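Please treat every number below as a calculation from the coordinates, not as lab data. Everything numeric here is computed off the predicted structure, so don't read it as measured data. In this analysis, Cβ positions are derived from the backbone assuming ideal geometry, glycine residues included, and neighbour counts consider all displayed protein chains.
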Amino acid sequence: MGHRQKIGVLTFHRCINYGSYWQARCLVQALRARGQDAVLLEHVSSRVNYAEWRCALQPVLPTRVPRADYPRYALKMIKFFRAFASLPRSPRFALEDPVDMDRYDLVIVGSDEVWNLSHPWYGGVPLFYGSGVRADRLASYAASFGNYRATHGLDGVWADRLRNFEWISIRDENSRRIVKATLGLNPDLVLDPCLQFPPCLKERRPHPRSPYVAVYGHNFSEWFSREVRRWAHARGYRLVSIGYRNDWAGSQWLTAGPKEFAHAIVHAAAVATNFFHGCIFSLLNAKPFVCELSVYRSHKVRDLMAAVGGERHLVCEHTPQADYDMALDEPLEPEIFQRVDDLRQRSTLYLDKVLG
């Protein structure tokens, strides 16, 4: 479609986070599969590295990290570094001063919380709003403001930067409201790259002995862990916590790399999560799941479930046991897959428009 373009994808591709890695990989690989010369823009910052790596070694704060877990989380980091090295990336340039950045026909900002002004270390970086980007055209794909509330609004500086985008798409309703209030336009709602461009998992990777429930997230509420334990115990399933310590799960797989995480969800009987990409990978692999909303992720998780019609998989303190049983015992509703297919078509049309 169209001529071969030099495209940069600007996102959080070096986060020690399974979702961040996979959405970056899926988007850049999909663009390359379309014949585009696409790479991830390799921004570097010692400040961000320090914050990211410190968080990776203490990922379940405010819960205390046992000393014995530090080597395990360090090994997980090494696996991420190896995975990063295999991604198609641009020459390095400074995050805060991108003068050495190559020039591109098109830069696509997103996915991830690229516009989240409340992000603890990427928040307020002008580059993600297009400032200093060396490109003929700017677009976003599945960009999000994360936990930055629409009621906060955007001041003039950030609003002006968004006006430099020729095309804008978002992945959640909170972000849509911010863009609409700021720019007076209704942006396209598109799917997260992992759902839009499902990863190809040809390589065999180790995974826990079946049958098991994949627990993905951390700092779950006591009521959530109690009900998931009850359900799993009654059916003879083990609980395996992937990537983060959750002592209420019987097994801890803290060293799982991004590919091992993906295979762990593929082979799980069900998923218990409070993460956005816990929901995404459950949908991607047609896995029964339940999700507890967290303060940080409530916007994007709730909006995702509303978009695909999966609200019954969201649980709260007062959710009856029968609702857990239904969500975890029964296959995903056919209507969910129909909505995902509809959103895939809309997302494809948007990307066709951007690529020209």
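Partners of LYS6 within straight-line reach, counting lysines whose Cα lies under 17 Å from its Cα and excluding those fewer than 8 residues away in the same chain: LYS353. The relative contact order of the chain, computed from alpha carbon pairs under 8 Å that lie at least 6 residues apart in sequence, is 15 percent. Taking TYR70, TYR129, TYR324 in turn, the Gaussian network model of the chain (Cα-Cα springs below 10 Å) assigns the largest fluctuation to TYR70.
Along the range 62-67 the Karplus relation, 6.51 cos²θ - 1.76 cosθ + 1.60 evaluated at θ = phi - 60°, assigns HN-Hα couplings of x, 5, 5, 8, x, 4 Hz to successive residues, with x for each Gly and Pro. Sorted largest first, the spans of the alpha carbon positions of the range 1-93 along the three principal axes are 54, 23, 21 Å.
Of all the options VAL295, VAL44, VAL215, the one that moves most in a Gaussian network model of the chain with Cα springs shorter than 10 angstrom is VAL295. Assuming charge only on the beta carbon of Lys and Arg (+1) and of Asp and Glu (-1), the dipole of the chain about its Cα centre is about 1040 debye to the nearest 20. P(r) tail for the chain: Cα pairs beyond 36 Å make up 18% of the total.
Just checking the listed ones, SER282, SER140, SER45: in the Gaussian network model of the chain with Cα springs under 10 Å, the one fluctuating most is SER45.
The aspartates and glutamates whose alpha-carbon is closer than 16 Å to the alpha-carbon of LYS79, local same-chain residues fewer than 8 away aside, are GLU52, ASP69, GLU203, GLU260. Lysines near LYS76 by alpha-carbon distance under 22 Å, same-chain residues fewer than 8 away left out - which ones? Here the lysines satisfying the reach criterion relative to LYS76 are LYS202, LYS259. Phi angles across the range 146-151 convert, under the Karplus curve 6.51 cos²θ - 1.76 cosθ + 1.60 with θ = phi - 60°, into 3J(HN,Hα) values of x, 8, 6, 6, 4, 5 Hz, Gly and Pro given as x.
Computed over the range 44-103, the quotient of the alpha carbon radius of gyration and 2.2 N^0.38 Å is 1.42. Let a ≥ b ≥ c be the square roots of the eigenvalues of the Cα gyration tensor of the range 212-338; is it rounded (a/c under 1.5), or, if not, prolate (a/b larger than b/c) or oblate? Because its axes are fairly even, with a/c under 1.5, the range 212-338 counts as rounded. Determine the distance separating the Cα centre of the range 276-332 from the Cα centre of the range 148-199; give it in Å without decimals. Here the answer is 24 Å between Cα centres. Expressed in Å, the radius of gyration and Dmax of the Cα atoms of the range 22-147 are 16.0, 50. Within the chain, which complete DSSP H helices have Cα atoms spanning at least 18 Å along the helix axis and a mean Kyte-Doolittle hydropathy of -0.5 or higher? Qualifying helices, which must be both long enough and hydrophobic enough, are 18-33, 70-85.
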